[in-house]
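Scroll down for the structure; my scribbles are underneath it.
The values are calculated or read from the model by the stated rules, or taken from the named source; none is laboratory data. Computed from a predicted structure; not experimentally measured. Counting neighbours? That spans all protein chains shown, and the Cβs are built from the backbone with ideal geometry, glycine included. Note: accessible area is taken over every heavy atom of the protein model, side chains too, but ligands, DNA and RNA are not part of it. Shrake-Rupley method; radii C 1.70, N 1.55, O 1.52, S 1.80 Å.
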Amino acid sequence: MKINKNYLKLKKNYLFTTITQKVQDFKASNPQREVISLGIGDVTLPLAPVVVDALRHAVDEMGHASTFRGYGDEQGYPFLRRAVCGYYAGKGVTLDDSEIFISDGANSDLGNILDLFADDNTVLIPDPVYPVYVDANIMAGREIIYMDGNAGNGFLPLPDKKADIIYLCSPNNPTGATYSRAQLKMWVDFAMENDALILFDSAYEAFVQDDALPTSIYQIENAKECAIEISSFSKMAGFTGTRCGYTVVPNALVRDGAALNPLWYRRQTTKFNGAPYIIQRGAGAVFTPEGFSQVKANIAYYMKNAKFISDTLHGLGIWHTGGENAPYVWLKCPKGMGSWDFFDVLLGEANVVGAPGVGFGAKGEGFFRLSAFAEHEKVSKAMEKVKKFL
Ligand code: PLP
């Protein structure tokens, strides 16, 4: 037998292991110092009470013969698909239940969706970027073309290189930068002209504060004919450990003579037996009026942190993006420092942990990500220390 040799081409993902190791070493030699982590982008607030109630109720249902559920619809329970459609209706986007596929989180579908496409398609991926897009395509042996993010384009690259598949992430991880409607329209027009397909990652859409900014690619005309949207309850509702997301494959989306929606349906019914009923009930509760207000309160909590970080950097005259419509602030390392050098200095001097930009791609060198997923007190303490040291 032969293995998929493409796996051997994957670069080791050192970013978070190296961060953890460096922090452990620092703590071991400086036990008296309090280290504050704004590094790993995982949520810190617990699930909303209404979600916990729905989960509990669903657990009880599973314990009684009359309400027990076995296998569900592979594409998700109708109650949750309808609720997702309702959420999109609130954004002015009309979707049919058949276009929604409930998943166990965005990560799975960001990679799995590639099952539908030939391996000799080229892929356009922003640099820096959430690493899953790159690795999933390396695994399939696809040619990757990078588009450069930089301070000049605000880390929002626009179309200038052709490819068959285009990954976009807005609001972006790691940069927190968010495309405007006019910019997303450029991408949609480009995909339509070039028969390309956009994979739009909207995992952070719920963090957008500016009503003028798009929270779904389908708010752009013609996007249903050229884009798949992949989203998640992870950051929106604290589901990183609970696991639920959704993917939208519009019925109007046709490539190479085939409608993609039935292909994805076929793929999911073959390789995925659906997200757990209990979890889907928890996710459904997010879309109730109570759920919305509880989840929004958590988002507001994180965005207060983001603003605080951004205001502090502004006061220090440090170039940065993000933080206004995303829980990440992306800053230029002071004094021309490299990403890891700045990491070491920040940890050593201010005892604050962030994520070196170069860990998200070569174009991230010299930049640094601070996450707003933390307690207020810790963020303000961290910023006080940063102010003293910078
Ligand atoms: N997409 C982006 C841009 C992310 O930052 C993350 C998680 O950090 C994900 C997708 C993964 O989301 P999930 O937890 O739903 O798999």
Legend entry - Segment residue 349-residue 161, extension gain: residue separation times 0.36 nm, minus the distance between their alpha carbons: 63.5 nm
Legend entry - Gaussian network model of the chain, springs between alpha carbon atoms under 10 Å - residue of 142, 69, 267 with greatest fluctuation: 69
Inset, instruction - Note the angle between two axes, namely the Cα long axis of helix 181-194 and the longest principal axis of the Cα atoms of the chain, as a number of degrees from 0 to 90, rounded to the nearest 10. - result: 50 degrees
Legend entry - Label point distance in nm, residue 91-residue 296, each placed 7 Å from Cα along Cα→Cβ: 1.7 nm
Inset, instruction - May I ask you to give the solvent-accessible area per residue for region 145-262, in square angstrom, as obtained with a 1.4 angstrom probe? - result: 32 Å²
Inset, instruction - Could you provide, to the nearest whole Å², the per residue accessible area of region 295-390 with probe 1.4 Å? - result: 40 Å²
Inset, instruction - Sort the following peptides by mean Cβ neighbour count (other Cβ atoms within 10 Å, averaged over residues), highest first: 317-329, 163-175. - result: 163-175, 317-329
Inset, instruction - Rounded to the nearest 0.05, what FRET efficiency do residue 316 and residue 82 give with R0 = 56 Å and r taken as the Cβ-Cβ distance? Could you check? - result: 0.70
Inset, instruction - Name the residue farthest towards the positive end of the dipole of region 106-265 from the options 133, 264, 107, assuming +1 on Cβ of Lys and Arg, -1 on Cβ of Asp and Glu, about the Cα centre. - result: 107
Legend entry - Backbone N within region 192-206 under 14 Å of label point (7 Å from residue 45 Cα along the Cβ vector): 206
Inset, instruction - First measure r as the distance between the Cβ atoms of residue 122 and residue 222, then evaluate 1/(1 + (r/R0)^6) with R0 = 22 Å and state the FRET efficiency to the nearest 0.05. - result: 0.50
Legend entry - Above-threshold pairs, the threshold being 30 Å between Cα atoms, out of 161/271; 224/304; 22/388; 91/385; 9/387; 12/161: 161/271; 224/304; 91/385; 9/387
Inset, instruction - With a 1.4 Å probe and every protein chain left in place, work out the accessible area per residue of region 1-121 in Å², rounded to a whole number. - result: 59 Å²
Legend entry - Among 27, 296, 162: highest mean-square fluctuation, GNM of the chain, C-alpha pairs under 10 Å: 27
Inset, instruction - Determine the share of the chain's accessible area contributed by carbon and sulfur atoms, expressed in whole percent, with a 1.4 angstrom probe. - result: 53 percent
